[in-house]
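J.: My questions will all concern the structure given below.
The values are calculated or read from the model by the stated rules, or taken from the named source; none is laboratory data. From a predicted model like this one, the values you see are computed outputs, not experimental measurements. Backbone-built Cβ (ideal geometry, glycine too); neighbour counts: all protein chains shown. Remember, those area values only see protein heavy atoms, side chains included, never the ligands or the DNA or RNA. Shrake-Rupley method; radii C 1.70, N 1.55, O 1.52, S 1.80 Å.
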Amino acid sequence: MKRIEEADRIKNLPRYLFAEIDRKKKELISKGVDIISLGIGDPDMPTPDFIVRRIQKALSKPENHRYPDYEGSSFLRRAVAKYYERRFGHSIDPDKEVLITIGSKEAIFHFPYAFLNPGDYAIIPDPGYPVYAISTNMIGGRVYRAPLLKENRFLIDFDKIPESVSKKAKIIFINYPNNPTGAVADERFYKRLVNYARKYGLLIASDFAYSEINFRDEKTPSMFDYDKNKEFSVEFHSLSKPFNMTGYRIGFVVSNPFVIDVLKRLKTNMDSGAPTFIQEGAEEGLLKGERAIKRIVDVYRKRRDLVVKSLDRVGISYNYPEGTFYVWAEVPVGYTSISFVQRLMEKTGVIVTPGNGFGEYGEGYFRISTTISDRRLSEAMKRIEGFLS
Ligand code: PLP
């Protein structure tokens, strides 16, 4: 009988880098070790009450039990426009320039499907969120990994991208505030990015999942501060991080009417939109969430301070995070990312993420996620200090 095999695009998915770490973790748990995971970026705090209450009410309305609008309900698209006006000072058309998505991962994954042909390049940051490269590879696109280096403050250096790549590229992904490095970008970077995209006719896909998790006084800049007519920029937003809503799966995309229409054409053929009762919660957050965001960011700021002080005490170098809830730190001399993470786990029960999981330029680093209670974070850092001193 013919043996059924998975499709090549599945066969070619990268091997699970953390398999060995997972195996060790299970072994340690079975021995009764108290594991503290600083691995995954999944907020520990609950969704703000006012959002939960709105969703509970929305769930009891029978009209919300039916298929949602594919592109997102009009009320939420209008709330997005109001949020943009208030937060970034940009006016957007809620009917033509917004698409509601099932979290931002869905939207980011499908973006190359909508715009790349096989052989076209997507330029992606390395280290970076793995979805950009995986999606590009899956559709036969080519990935150019633009290194985010310490000496460039973890910003892409456009001068280093080969001309041959730039000419065949259609998309450049950026992500500031940045996972995993915690870096933010400055005006000079955005201006250079826009010049680069204009010169080569690229779409700028700005992953804005952490736009609200910004520790600086200035607001996070929007691509539309620099690309005022929305000629070639696309912003991918998520409600997951600013409102502790990772479990709800809700996000949105803002771009020009052409890009939104293309994404809509793909999306209507693929899924049936985000649940309407969740969209009601998202509306509540976007319209009334300013104070809640501030409270949440204050918690992450304190946790960041706790972590960097602790790393200072044991002489570990790190990139001082200006945003996100991660700390990107260098492994001590003599270790690789994986060997350090394994040793740390064996000796202390603390799990951090090896930097090479985010790409080859992540080698030599590890990432600490502060999405864990203050008490457990402080316990984890004590153990790390003990291990390193
Ligand atoms: N982009 C980045 C950089 C992320 O770190 C994540 C989640 O960790 C996402 C996008 C996806 O978030 P969500 O799908 O929950 O909106």
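J.: Kirkwood Rh, segment 31-169, all Cα pairs: how many Å?
T.: For segment 31-169, the Kirkwood estimate is 19.2 Å.
J.: Additional query: Would you please state which residues of segment 282-300 a label at residue 374 would reach in this model, taking the label point 7 Å out along Cα→Cβ and a backbone N cut-off of under 20 Å?
T.: 291-300
J.: Once neighbouring chains are kept in place and the probe is 1.4 Å, which whole percent of the accessible area of the chain is contributed by carbon and sulfur?
T.: Heavy-atom surface of the chain belonging to carbon and sulfur, 1.4 Å probe: 51 percent.
J.: Still on this structure, please answer the following. Counting DSSP beta bridges in the chain, what percent are antiparallel, to the nearest 5?
T.: 50 percent
J.: While we're on this one: Residue 269 to residue 50: FRET efficiency via 1/(1 + (r/R0)^6), r the Cβ-Cβ distance, R0 25 Å, to the nearest 0.05?
T.: 0.10
J.: Between residue 262 and residue 333, what FRET efficiency comes out of the Förster formula 1/(1 + (r/R0)^6) with R0 = 41 Å and r the beta carbon distance, rounded to 0.05?
T.: 0.25
J.: Follow-up. For segment 49-289, report the accessible area per residue in Å² (1.4 Å probe, heavy atoms, rounded to an integer).
T.: Accessible area per residue: 40 Å².
J.: Calculate the spin-label point distance for residue 86 paired with residue 313, positioning each point 7 Å from the Cα along the beta-carbon direction, and give it in nanometres.
T.: 4.0 nm
J.: Would you mind listing how long the chain runs along its three principal axes, going by Cα atoms, in whole Å with the largest first?
T.: Each principal axis gives a Cα extent; for the chain these are 62, 58, 54 Å.
J.: Oh, and also: Modelled label-to-label distance, residue 231 and residue 199, 7 Å Cα→beta-carbon offset: nm?
T.: Going by the 7 Å Cα→Cβ label model, 1.5 nm.
J.: Please turn the phi angles of segment 293-300 into ³J(HN,Hα) values with the Karplus equation 6.51 cos²θ - 1.76 cosθ + 1.60 (θ = phi - 60°), one per residue in order, whole Hz, x for glycine and proline.
T.: 4, 4, 4, 5, 5, 4, 4, 5
J.: Once amide H atoms are built 1.01 Å from N in the peptide plane, which residues 5 or more positions from residue 36, or in another chain, come under 5 Å H to H?
T.: Amide H neighbours of residue 36: 350, 351.
J.: Between residue 302 and residue 57, what is the label-point separation in nm under the 7 Å Cα-to-beta-carbon projection?
T.: 3.0 nm
J.: Mind giving me the FRET efficiency for residue 145 and residue 65? R0 is 51 Å, r the Cβ-Cβ distance, nearest 0.05 is fine. List each step's numbers first, then the result.
T.: Numbers: r = 45 Å, r/R0 = 0.88.
Efficiency, from the Cβ-Cβ distance: 0.70.
J.: Distance between Cα centroids, segment 315-363 to segment 37-95: provide it in whole Å.
T.: Segment 315-363 and segment 37-95 have Cα centres spaced 34 Å from each other.
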